[in-house]
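Notes follow once the structure below has been shown.
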Amino acid sequence: MQPDKLFSALRPSLIRLAYRMLGSVSDAEDIVQEAWIRWARSKHDAIREPAAWLTTTVSRLCLNELESARRQRETYIGVWLPEPIIEDDDAESMDDITLPLMMALERLSPLERAAFLLHDVFGMSFDEIAYVIERPATACRQLASRARKHVRAARPRFPVSKEQGRKIAAAFFAASRKGDLEKIRSLLADDVVAYADGGGKAPASMHPLVGIDAVMARHAQLALEFKTSPSRLVRHVNINGLPGFITIEGGGIVQTTGLLISEGRISAIYITRNPDKLRHL
């Protein structure tokens, strides 16, 4: 296969890797573009395994980017959420890396994150990972093990079916926009947490709202706002493996809402309003 066609065939998996490493669609695309430049300049006849070469290149570029990204997030205004990936019915599923897991990955060191993703998500052996991140295989195994312990709680214990998830998301959207507080409360878990990422560029709570009382108090405020500034549904979608929806809110603000559902109730709400994170939509 010609080098350019080979790269095009591998590009989706490289984007998938870079996004899961960085949590940013635009950064992932930049990384893969840089990998393409290096690939175009390389001596292809000397590369025995192009897929491994490109995976290594992208992984190392991501590790370099993670260091600066972590510094930027230390000064981020308000709650930080990864850029939402929208899944239509025919799109690749993001069930392996949901929003809660992406947020858990943020608490890992870059090397822990790389070892975990390359092994647990992309199925690479620790000998292969050792070459990629330039650490002994035993160290890679330890890095992945530590990461696994940190992210274990972020994996859903009782995954909800897509049909049930869409049904609950539709009910939540309808109740929240009608101001039906009794219905909203019936859909929420007692320990629900709501996250809203405005990045200082769109109105959003500066801290997570923890517990059903705090979330209900916010929805009581929103019920009044929706009376004067109605919310328009764009469509129901899955967002990073979670049921949710895209809306246009007052002032023309585009918003994505993803819902984590546990045992039939909404246990977490993830709202992204930062326009920089929604350009790819």
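Of all residues in region 180-207, which are at pLDDT 95 or above, more than 15 Å from Glu249 (Cα to Cα) and among the small types (Gly, Ala, Ser)?
Ser186, Ala189, Ala194
I need the full set of residues from region 194-221 which are closer than 15 Å to Ser267 by Cβ and in a loop (DSSP other than H, G, I, E, B), in order please.
Pro208, Gly211
Output the residue which, of all residues in region 116-143 that are closer than 18 Å to Thr98 by Cα and part of a helix (DSSP H, G or I), is farthest from the chain's Cα centre (by Cα).
So the residue we want is His119.
Does Val234 count as among the hydrophobic types (A, V, I, L, M, F, W, C) and over 17 Å from Lys178 (Cβ atoms)?
Answer is yes for this residue.
Rundown of residues vs (1) over 20 Å from the mean Cα position of the chain (by Cα); (2) closer than 28 Å to Gln164 by Cβ; (3) buried (at least 21 other Cβ atoms within 10 Å of the Cβ); (4) basic (Lys, Arg), yes/no style:
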| residue | (1), (2), (3), (4) |
| --- | --- |
| Gly199 | no, no, no, no |
| His236 | no, yes, no, no |
| Pro243 | no, yes, yes, no |
| Gly250 | yes, no, no, no |
| Val254 | no, yes, no, no |
| Ile261 | no, yes, yes, no |
| Gly264 | yes, yes, no, no |
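Return the only residue of Ser186, Ser231 being of a type outside the set (Phe, Trp, Tyr) and surrounded by 14 or more Cβ atoms within 10 Å (Cβ to Cβ).
Just a single option satisfies the conditions, and that option is Ser231.
State which residue is modelled with the lowest pLDDT when the search covers only region 84-110 and only residues that are part of a loop (DSSP other than H, G, I, E, B) and among the acidic types (Asp, Glu).
This residue is Asp90.
Here are some conditions: (1) surrounded by fewer than 19 Cβ atoms within 10 Å (Cβ to Cβ); (2) in contact with a helix residue (DSSP H, G or I) (Cβ under 7 Å, 6 or more places away or on another chain); (3) not polar (S, T, N, Q). Glu163 meets all but one. Which one does it not meet?
Single failed check for Glu163: (2).
The values are calculated or read from the model by the stated rules, or taken from the named source; none is laboratory data. Note that the structure is a prediction, hence the values are computed from the model and not measured. Backbone-built Cβ (ideal geometry, glycine too); neighbour counts: all protein chains shown.
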